[in-house]
Amino acid sequence: MRSPERAANLSVRQSTSRIAGLSAAEHEQLQRWFDELERPCAPSREVALVFLICNALSGYMGIEAEILFPAFLSTVRNERVGRESADLA
């Protein structure tokens, strides 16, 4: 049976892995939008592309702030506690 800490770390790794895959796909889409923005296009299309890019970046920042950063802090804290426990033994 897994300890709660080990299960939490596994869950964080699985979530981070899924987010990384999503982020890679989002990154590719962002790159396509930036590439399109560099080419001549109608002003209305430029506005639409800027809107899409801003929304995508805002979404990524939300994921980073709400999921990745807390998961990172949790992992670092767990590793630090583990090392401190080992030092006491």
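The values are calculated or read from the model by the stated rules, or taken from the named source; none is laboratory data. This structure is a prediction, so every number in the text was calculated from the model and none was measured. All Cβ positions, even for glycine, are placed from backbone atoms using ideal geometry, and neighbour counts span all protein chains on display.
A few points about this structure:
Residue by residue, here is whether (1) surrounded by 15 or more Cβ atoms within 10 Å (Cβ to Cβ); (2) at pLDDT 95 or above holds:
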| position | (1), (2) |
| --- | --- |
| Leu30 | yes, no |
| Val47 | no, yes |
| Asn55 | no, no |
| Ser58 | no, no |
| Ala65 | no, no |
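- Per the listing Ala24, Ala86, Ala8, Ala20, the residue uniquely more than 12 Å from the chain's Cα centre (by Cα), at pLDDT below 90 and exposed (fewer than 12 other Cβ atoms within 10 Å of the Cβ) is Ala86.
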